[in-house]
Amino acid sequence: MFALNDVSKVFARRAALGPLSLNVPAGQTTVLIGPSGCGKSTLLRLLIGLFAPDTGAVYFDGERVTPATARAIRLRVGYVIQDGGLFPHLTARGNVTLMARHLGRPRDTIEARVNELAELTRFPLDGLDRYPHQLSGGQRQRVGLMRALMLNPDALLLDEPLGALDPLVRAELQAELRDIFRALAKTVVMVTHDLGEATFFADRVVLLRDGRIVQEGSPADLWHRAADPFVTRFVQAQRGPEVPA
Ligand SMILES: Nc1ncnc2c1ncn2[C@@H]1O[C@H](COP(=O)(O)OP(=O)(O)O)[C@@H](O)[C@H]1O
Ligand SMILES: [Mg+2]
């Protein structure tokens, strides 16, 4: 669904990412994991053309991601931004429907879709007309998810969607989110720095360090077949809740 071929991204003459190559298969959940600053968010932004690569090429569904194609691609890829990124001056409903209204979608189609998404994400209907600051952290994340799913995208990118939540809310949302991913059977690329969470969600895990891929495989590969000493240290430092056999 996505491919990066020899992609690199440089900020202030320092390589933030790559060069690296990666294929993201359709219909699966791929989790990007690694320490803070290793390039996870940069990689997500490259996938939908919010950053242009300095070398190499990015493809979505066989089409090269360029400034000319990025707009159309972004309509097919939902993006849950790190830290939520909701517009504070818009209600939950306003945030969720912004793009659909901009595209001139019929009012009753939008209304029906909002209700469907509120049910899917278990967001209370009476919360739809509240502003982000009037919602709990977990509810704001549900709004971010509804917004990303509004146009029924082919793929969903999530940047540390549960990072800012307290442990109980986080565990509850993890379980719900995994059910939602399974029900939708979409291509999901999710960023986390938590190996337990990666193990919980991932069909494939991609471990990054200093902008490079250190290991790519199943969660069990990471836990039991570490590619190098960094992976071993990373795994041991995390003692996640789910150790696969
Ligand atoms: N817009 C930007 N301008 C300059 N440097 C950036 C920018 N975005 C990210 N970086 C740098 O690129 C590196 C990777 O950042 P990021 O992708 O945000 O990491 P992660 O999401 O894994 O924490 C970091 O060193 C960060 O400081
Ligand atoms: Mg980040």
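The values are calculated or read from the model by the stated rules, or taken from the named source; none is laboratory data. Computed from a prediction, not measured in an experiment: that's the story for all the values here. All Cβ positions, glycine included, derive from the backbone under ideal geometry; neighbour counts span all protein chains shown. Only protein heavy atoms, including side chains, enter the accessible area calculation; ligands, DNA and RNA are left aside. Shrake-Rupley method; radii C 1.70, N 1.55, O 1.52, S 1.80 Å.
Stretch Glu116-Asp83 to full length: gain in nm at 0.36 nm per residue minus the Cα-Cα span?
Numbers: separation 33, 0.36 × 33 = 11.88 nm, distance 2.43 nm.
Full extension from Glu116 to Asp83 adds 9.5 nm.
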* Asked: About its Cα centre, how strong a charge dipole does the range 155-245 have in debye, to the nearest 20, once Lys and Arg get +1 and Asp and Glu get -1 at the Cβ?
  -> 260 debye
* To do: Determine ³J(HN,Hα), in whole Hz, for all residues of the range 214-223 in sequence, where each value follows from phi through the Karplus function 6.51 cos²θ - 1.76 cosθ + 1.60 and θ = phi - 60°; x replaces Gly and Pro.
  => 8, 7, 9, x, 6, x, 5, 4, 5, 5
* **CD proxy at 222 nm, helix term only [per DSSP H run n ≥ 4: -39500 (n - 2.57); per residue of the chain; nearest 500]** => -11000 deg cm²/dmol
* Spatial separation of Cα centroids for the range 73-89 and the range 11-63, in angstrom -> 17 Å
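Please state the charge dipole magnitude for the range 88-152, taken about the Cα centre, from unit charges on C-beta atoms (+1 on K and R, -1 on D and E), reported in debye and rounded to the nearest 20. Before the final figure, lay out the partial values.
On the way: 10 positive and 6 negative charges, 42 e Å.
Value, rounded to 20: 200 debye.
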* Cβ-Cβ FRET estimate between Thr109 and Ala183, R0 fixed at 30 Å, reported to 0.05 -> 0.90
* Structure fact -> Under the Karplus relation with 6.51, -1.76 and 1.60 and θ = phi - 60°, whole-Hz ³J(HN,Hα) for the range 189-197, x at Gly and Pro, equal 10, 10, 9, 8, 10, 10, 5, x, 5
* Using the heavy atoms of the protein chains alone and a 1.4 angstrom probe, what is the accessible area of the chain per residue in square angstrom? -> 48 Å²
* Asked: How many nm separate the modelled label positions at Val169 and Phe11, each set 7 Å beyond the Cα in the direction of the Cβ?
  -> 2.7 nm
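Calculate how many DSSP beta bridges within the chain are antiparallel, expressed in % of all such bridges and rounded to the nearest 5.
On the way: 20 of 38 bridges.
Here the share of antiparallel DSSP bridges comes out near 55 percent.
How much length is gained if the chain between Ala227 and Arg212 is pulled fully straight, taking 0.36 nm per residue apart and subtracting their Cα-Cα distance, in nm to one decimal?
Values: separation 15, 0.36 × 15 = 5.40 nm, distance 1.33 nm.
Contour length minus the Cα-Cα distance gives 4.1 nm.
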* Structure fact -> Of the accessible area of the chain, computed with a 1.4 Å probe and all protein chains kept, carbon and sulfur make up a percent value of 50 percent
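Suppose R0 equals 35 Å. What FRET efficiency, 1/(1 + (r/R0)^6) with r the Cβ-Cβ distance, do Leu98 and Asp126 give to the nearest 0.05?
0.95
Show me the ranking of peptides 125-138, 153-166, 38-51, 207-220 by mean Cβ neighbours inside 10 Å, starting with the highest.
Numbers: 125-138: 14.5, 153-166: 20.2, 38-51: 22.3, 207-220: 18.5.
Most protected by this proxy first, the peptides run 38-51, 153-166, 207-220, 125-138.
Where Rh is the Kirkwood radius over the Cα pairs of the range 88-152, the temperature 10 °C and the viscosity 1.306 mPa s, what D in µm²/s does Stokes-Einstein return?
Numbers: Rh = 11.5 Å.
Answer, rounded: 138 µm²/s.
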* Asked: Hey, what D do you get for the chain in µm²/s if you plug the Kirkwood alpha-carbon radius into Stokes-Einstein at 37 °C and 0.692 mPa s?
  -> 177 µm²/s
